[in-house]
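This report concerns only the one structure given below.
The values are calculated or read from the model by the stated rules, or taken from the named source; none is laboratory data. Worth saying up front: this structure is predicted, and the values here are computed from it rather than measured. FYI the Cβ positions are ideal-geometry reconstructions off the backbone, even for glycines, and counts take in every protein chain you see. Accessible surface is based on the protein model in full, side chains and every heavy atom, while ligands, DNA and RNA are left aside. Shrake-Rupley method; radii C 1.70, N 1.55, O 1.52, S 1.80 Å.
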Amino acid sequence: NMDPSLVDGQSIEELFESKQGITYKYLLSLYIHSTIDFNILPGYIDFSVTSVSLDTSLTRNITLKAPLVSSPMDTVTEAEMAIAMALHGGIGIVHANFPSKEDQAKEVNKVKRYKQGFITHPQCITADSTVADLMEIKAKKGFTGTPVTQTGKYGSKLLGLITSRDVDFLPQSRWASTKIGEVMVPRDRLIIGEESLTLKDAYDILENEKKGKLPIINGNDELVSLIARTDLKKAREFPYASYDSMGQLRVGAAVSTREAAKESIKLLAEAGVDVIVIDSSNGSSKYQVDLVRWIKENYPKGPDVICGNVVTKQQAKLLIDSGADGLRIGMGSGSICITQEVMAVGRAQGTAVYEVASYARTRNVPVLADGGIRDVGYITKALSLGANAVMMGGLLAGTNEAPGEYFWGANGVRLKKYRGMGSIDAMEAHTSSQDRYFTASDEQVKVAQGVTATMLDRGSIHKFVPYLVRGIQHGLQDIGVHSIKELQEGAQKGSVRFEKRSPNAQLEGGVHSLHSVTSTHHLTTALTMGNP
């Protein structure tokens with residue numbers, strides 16, 4: 001109902017009508033002084049920041065509470081990162097650069113077991129096993145609360161339950177001679193759940209009965225799953241965690257477009273992976289089309305498939321027509337990616353997200369903005385252009401949960417290694433990196449499309465991601481919208497307004513004209529990513 005004479009800025013269509021490549025914000029340097037980016041104009045606030053919803057779609061069938069995805073890079077996402085991302089409402093995509101396909105599937109399995117919910121494949125033990133065997137399980141798996149079954153496997157008759165409290169005061173000298181059946185809590189003394197029990201009902205029983213474990217049995221008294229009390233505590237600490245229908249954390253995994261990927265997909269599906277990301281620098285290839293069709297034919301009930309990478313509507317149509325449940329947008333926009341520079345192929349990320357998202361929306365297919373995310377504002381901009389979520393590599397690479405060890409650099413700064421999957425370093429280490437860039441393993445000359453770098457220590461994901469989440473909520477509040485859906489609908493209708501910024505306007509919008517600066521979280525992030 002605004003007076004037309006007071007309408008300010010530009011609509012999203014007007015922002016991109018020049019057909020000039022636009023991104024979130026360019027690094028101003030000594031050599032580049034004419035780059036244009038954009039900002040979003042403020043709206044009316046009559047609601048609290050905590051009421052802003054960040055619910056979004058990752059794929060046709062998977063929703064998230066936070067629009068945040070960690071990239072499938074070997075210096076970014078393994079089980080620890082994926083667990084942390086899922087606990088905070090996002091999801092992690094486990095990389096494919098492991099020594100074996102089985103190793104990748106094991107990482108996925110670690111995530112699925114962490115927030116165990118209904119643990120559908122619980123570790124079991126027989127009554128004739130010894131306490132020494134139990135301690136071996138503890139050393140390998142990290143827990144002692146173990147169901148005792150007739151065969152030592154789930155799916156057989158439940159005989160009892162053994163926990164650490166049952167053996168705490170047993171001398172180590174007696175471990176090898178003491179049978180589990182002598183110290184376990186027998187079946188008739190256990191609180192048991194029926195197979196039809198819901199996750200909430202199971203948690204209620206644990207809460208009311210003050211028990212640590214709740215075995216779930218079928219009509220034949222056979223163990224089919226297990227619930228752990230520790231999950232109650234995790235649920236309280238992480239109320240927005242990404243769970244599947246069985247109460248397990250969601251996780252994705254990357255595969256290449258090669259024939260060998262089919263065996264990886266089989267193992268990942270068995271491990272319970274929620275989404276497969278077909279990892280390729282250019283998604284519009286015969287190899288990817290054939291693979292996504294194969295997955296849909298052989299796994300019609302899931303996992304979902306995210307295809308990419310793409311930067312044009314034509315690429316998007318090809319992959320959606322082939323069965324993609326989601327798309328990954330970006331080519332050469334990551335901080336360690338040099339595809340645009342070396343190959344002269346790619347697209348400015350802002351334009352790529354806007355164009356692909358506008359088409360994918362007509363097909364009801366969610367999209368991921370992958371690359372170029374340097375801080376909170378970049379996430380808000382990507383969402384405003386139509387992205388359902390953002391994929392982050394460099395922004396997360398320096399955290400505790402990223403693979404690799406910290407080391408001390410010059411001036412006493414704490415660093416972690418971060419490398420592009422198209423770097424010579426990564427391609428020489430793993431064939432999956434070569435596959436991503438269509439490079440044969442026996443090629444004598446390899447052309448790098450990425451670099452190897454270092455990232456400053458960012459601390460824990462458990463502090464950094466909540467900062468990102470609250471920052472996005474503040475951004476949407478300033479725009480005057482209550483949710484990502486409302487943001488995107490407003491952009492499409494023209495009620496959310498945009499404005500291009502000149503290089504000087506960009507300088508004005510950052511830290512400037514100061515004698516000295518006390519570093520803040522935001523500024524530390526900016527400096528880490530290379531802002532002048």
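Worth a mention:
- Heavy-atom accessible area for residue 65, with the other protein chains in place and a 1.4 Å probe, reaches approximately 90 Å².
- Within the accessible area of the stretch 331-383 (1.4 Å probe), percent carbon and sulfur: 53 percent
- Extension gain (nm, one decimal) between residue 410 and residue 175, 0.36 nm per residue minus Cα-Cα: 79.5 nm
- Note on the stretch 142-194: with neighbouring protein chains present and a 1.4 Å probe, carbon and sulfur make up 50 percent of its accessible heavy-atom surface.
- Net charge over other residues, Cβ less than 11 angstrom from the Cβ of residue 330 (K, R count +1; D, E count -1): +1
- Per-residue SASA entry for residue 130, accessible area with 1.4 Å probe, Å² rounded to 10: 20 Å²
- Under a model in which nothing but the beta-carbon of Lys, Arg (+1) and Asp, Glu (-1) is charged, the stretch 322-383 shows a dipole of about 140 debye around its Cα centre.
- When the solvent-accessible area of the stretch 84-123 is split by element, carbon and sulfur atoms take up 49 percent of it, the probe being 1.4 Å.
- Cα centroid separation, the stretch 144-199 to the stretch 341-402 (Å): 49 Å
- When DSSP beta bridges are restricted to pairs lying wholly in the stretch 237-312, around 10% turn out antiparallel.
- Once the 1.4 Å probe is applied to the protein heavy atoms, the stretch 170-210 comes out at 67 Å² accessible per residue.
- Radius 11 Å from Cβ of residue 141, net charge of other residues (Lys, Arg +1; Asp, Glu -1): +3
- Normalised per residue, the accessible area of the stretch 279-360 is 38 Å², obtained with a 1.4 Å probe and no contribution from ligands, DNA or RNA.
- Beyond 27 Å in Cα-Cα separation lie the following of the pairs 65/141; 110/200; 106/286; 101/141; 19/417: 65/141; 106/286; 19/417.
- Taking label points 7 Å from Cα along the Cα-to-Cβ direction, residue 482 and residue 136 give a separation of 5.9 nm.
- Partners for residue 313 among aspartates and glutamates (Cα-Cα distance below 17 Å; same-chain residues under 8 apart left out): 13, 17, 321, 325, 355, 370
- Applied to the stretch 253-264, the Karplus parametrisation 6.51 cos²θ - 1.76 cosθ + 1.60 on θ = phi - 60° returns per-residue 3J(HN,Hα) values of 8, 9, 9, 7, 9, 7, 4, 5, 5, 5, 5, 4 Hz, with x for Gly and Pro.
- Among the listed pairs 266/381; 179/213; 153/296, those beyond 27 Å (Cα-Cα): 266/381; 153/296
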